[in-house]
Amino acid sequence: MSTLVLGLGNAILSDDGVGIRVAEAVRARLPEDAGVEVREVCIGGLRLMEEMIGYDHVILIDSYLSPGGKPGDFRRLTLDDLRSVTPTEHSFSPHDASLTVAYDMGLRMGLPLPETVSIYAIEATNVTDFSEQLTPEVEQAVERVTEAVLDELAETAARAPKPGINAP
């Protein structure tokens with residue numbers, strides 16, 4: 001099973017860089033032979049969908065802002081969760097689409113997209129000020145989210161068929 005971990009965000013926009021920080025922490029703690037690719041990107045929509053082509057399992061890590069949310073809290077979401085809250089089909093331009101719209105379009109086009117997409121959404125405070133520092137509450141979440149991602153990777157590896165054993 002091929003797995004990709006993508007840390008999303010912009011490392012110079014304070015809490016928007018939390019996905020990148022978690023991805024770096026995951027990479028540092030994975031054994032070299034884990035068979036997991038870890039990358040950091042600052043993209044969305046169609047470009048993000050294209051990054052997922054050819055993988056069986058993708059884990060996305062990103063910041064989010066919700067009304068009344070507590071900074072540093074995080075949730076594990078699925079694409080179905082996003083579909084239920086995505087208000088529009090386009091993000092910033094009619095030439096770009098939300099992740100769910102892009103993913104569904106890719107499936108209709110027959111692209112080999114992952115069966116499993118997990119999204120770790122970390123409640124942020126500040127995603128607009130130029131700073132390479134996370135706010136204290138979001139900084140404290142990095143280790144907890146890193147552990148959650150590593151746990152999911154371990155569970156996925158445990159379920160994967162072992163070489164030389166025919167799966168039913």
**Request:** Taking only the stretch 123-160 into account, find how many residues are more than 15 Å from ALA25 (Cα to Cα) and touching a residue at least 40 places away in the same chain (Cβ under 8 Å).
**Result:** 16
**Boolean, ILE20 is more than 17 Å from ASP151 (Cα to Cα), of a type in the set (Val, Ile, Thr) and surrounded by fewer than 17 Cβ atoms within 10 Å (Cβ to Cβ)** = no
**Request:** With the condition kept exactly as written, say whether any residue in the stretch 38-52 is over 21 Å from THR100 (Cβ atoms), surrounded by 15 or more Cβ atoms within 10 Å (Cβ to Cβ) and at pLDDT 90 or above.
**Result:** yes
**Request:** Any chance you could count how many residues in the stretch 102-136 are farther than 28 Å from LYS70 by Cα and assigned to a helix (DSSP H, G or I)?
**Result:** 7
**Condition broken by ALA11, with the remaining ones in (1) over 28 Å from ALA157 (Cβ atoms); (2) at pLDDT 90 or above; (3) among the hydrophobic types (A, V, I, L, M, F, W, C); (4) out of contact with any Gly (no Cβ under 7 Å at 6 or more places or on another chain) satisfied** = (4)
**Request:** Mind telling me which of the residues VAL117, VAL127 ends up being closer than 24 Å to LEU48 by Cα and at pLDDT 95 or above?
**Result:** VAL117
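The values are calculated or read from the model by the stated rules, or taken from the named source; none is laboratory data. Keep in mind it's a predicted model, so treat the numbers as computed, not measured. Here Cβ is always computed from backbone atoms with ideal geometry, including for glycine, and neighbour counts include all displayed protein chains.
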